[in-house]
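What follows is a single structure, written as structure tokens, with notes after it.
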Amino acid sequence: MDSAKIERLVTELLAEIGEDPEREGLRRTPQRIAAALEFLTSGYRADFKALINGAVFTQEANNMIIARDIELYSLCEHHMLPFFGRCHIGYLPSGRVFGVSKLARLVDVFARRLQLQERLTEQISQAIMDAIHPVGVGVTIEARHLCMMMRGVEKQRAVMTTSSLLGSFRDNATTREEFLALINRPCP
Ligand SMILES: [Zn+2]
């Protein structure tokens, strides 16, 4: 990422919206935005293979594994405004499992890009499927979108829910119901 170029573009943008890029409060804003964008889009540059390789363990578990309430922050690709919420992941392993903290890292790798919530949900479930070939995987994201809350339809309370079900989570109604019951159970 060319930070100097982004800083120049932000300076132009500030002038274009009617601001004075030279006034005190804005003088370092282009640098701050460049640094923030570097972080918020770091998923494009993440070493996904290395993340997966260090995170997979052999284990003869065959019960459903659930990681609930993983915090999620992303940017919508239509407005480059944040959407944020929670991600729930469940899978039925077939000999290989993920380290729990790595599931959260995997969510971040895909969230730190310009995204659609639907695609983000798909990418997470597909990445888990490709990495450990579980019997099935389910991913659900509940998120609020600032582009809906601050502008446009101004629906401040709307929560958008998306899910992606693969393998037995898609094909087996009992498995799917178990997953939904586990992620909807009140927190202990
Ligand atoms: Zn949007």
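Looking for something open to solvent by 20 Å² or more (accessible area, probe 1.4 Å), farther than 20 Å from residue 48 by Cα and modelled with pLDDT under 95 - is there at least one such residue anywhere in region 115-133?
Within region 115-133, not a single residue is open to solvent by 20 Å² or more (accessible area, probe 1.4 Å), farther than 20 Å from residue 48 by Cα and modelled with pLDDT under 95.
Considering region 1-34 alone, what residues qualify as being of a type outside the set (Ser, Thr, Tyr) and either open to solvent by less than 60 Å² (accessible area, probe 1.4 Å) or in contact with a Phe, Trp or Tyr (Cβ under 8 Å, 6 or more places away or on another chain) (or both)? Break it down into steps so the answer makes sense when it comes.
Going through region 1-34, the residues of a type outside the set (Ser, Thr, Tyr) turn out to be 1-2, 4-10, 12-28, 30-34.
Selection gives 4, 6, 7, 10, 14, 15, 21, 25, 26, 30, 34.
Filter region 70-87 down to residues that are hydroxyl-bearing (Ser, Thr, Tyr) and within 11 Å of the ligand (Cβ to nearest atom), then give me how many there are.
Number of matching residues: 1.
How about region 134-160: which of its residues are in contact with a strand residue (DSSP E or B) (Cβ under 7 Å, 6 or more places away or on another chain) and away from the ligand (no atom under 16 Å from the Cβ)?
134, 135, 136, 137, 138, 139, 140, 142, listed by residue number.
Residue 112: at pLDDT 95 or above, away from the ligand (no atom under 16 Å from the Cβ) and over 25 Å from residue 60 (Cα atoms), yes or no? It would help to see each step written out before you state the result.
Working: at pLDDT 95 or above: yes; away from the ligand (no atom under 16 Å from the Cβ): yes; over 25 Å from residue 60 (Cα atoms): yes.
Yes; evaluated as a whole, the condition is true for this residue.
The values are calculated or read from the model by the stated rules, or taken from the named source; none is laboratory data. Please read these numbers as outputs of a predicted model, since none were measured by experiment. Ideal geometry is used to build each Cβ from the backbone, glycine not excepted, and the neighbour counts take in all protein chains shown. The area values use the complete protein model at the heavy-atom level, side chains included, leaving out ligands, DNA and RNA. Shrake-Rupley method; radii C 1.70, N 1.55, O 1.52, S 1.80 Å.
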